[in-house]
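The values are calculated or read from the model by the stated rules, or taken from the named source; none is laboratory data. All values derive from a computational prediction rather than experimental measurement. So basically every Cβ, Gly included, is an ideal-geometry build from the backbone, and we count neighbours across all protein chains shown.
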């Protein structure tokens, strides 16, 4: 089934000082955290209270928001977000941007909302002089993997004989 494009969609860089943007980011991240792809647990109260000030304090962080701007009044329902954190590629000796979170509310999936947000994230990364975008995705998230491949992401490898890179983590508590 092909869905009609959402002509009322507005994508913008988030302004962490804007209370509408701040609330949208927190509520969307909480919805994502409660989704199975986000761990199926709500955000902690600590994260809800401190997320926006923590992001705002990091010049290497930026976010993109999508709003369903029904009626064209400039407000709208927040429907998706992308959080990005700038890192550094030592091999390229240039910044890189890690796409840390991508989420779209279930009712808006399949309408290329994430594609539009990723296009703006890429534009911002290029403006920052980044050499590449990186992201991680769960193997079971077939829809997201299809999207990422469609917009130009590929599995990371240096030498095919050595295989593809794996994403690992170690919590520091």
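Structure data summary
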read-out	value
Pairs with Cβ under 8 Å, 6+ apart, first in region 123-139 and touching a residue at least 24 places away in the same chain (Cβ under 8 Å), second in a loop (DSSP other than H, G, I, E, B) and loosely packed, with under 13 Cβ neighbours inside 10 Å	131/92; 132/92; 134/156; 136/167
Selected residue (criterion: nearest to residue 52 (Cα to Cα)) from residues of region 24-41 that are part of a helix (DSSP H, G or I) and free of Cβ contacts under 8 Å to residues at least 40 places away in the same chain	26
Residue ranges of strands (runs of 3 or more DSSP E) in region 72-173 with at least 1 members in contact with a strand residue (DSSP E or B) (Cβ under 9 Å, 6 or more places away or on another chain) and more than 24 Å from residue 35 (Cβ to Cβ)	77-89, 94-104
So residue 59, is it free of Cβ contacts under 8 Å to residues at least 60 places away in the same chain, assigned to a loop (DSSP other than H, G, I, E, B) and under 22 Å from residue 127 (Cβ atoms)	yes
Odd one out for residue 150 among (1) free of Cβ contacts under 8 Å to residues at least 12 places away in the same chain; (2) surrounded by 10 or more Cβ atoms within 10 Å (Cβ to Cβ)	(1)
Residues (within 18 Å of residue 121 (Cβ to Cβ), surrounded by fewer than 17 Cβ atoms within 10 Å (Cβ to Cβ) and more than 15 Å from the chain's Cα centre (by Cα)) located in region 89-111	89, 94, 95
Candidates 71, 76, 39 - the one that is surrounded by 19 or more Cβ atoms within 10 Å (Cβ to Cβ), over 15 Å from the mean Cα position of the chain (by Cα), modelled with pLDDT under 95 and on the phi > 0 side of the Ramachandran plot	76
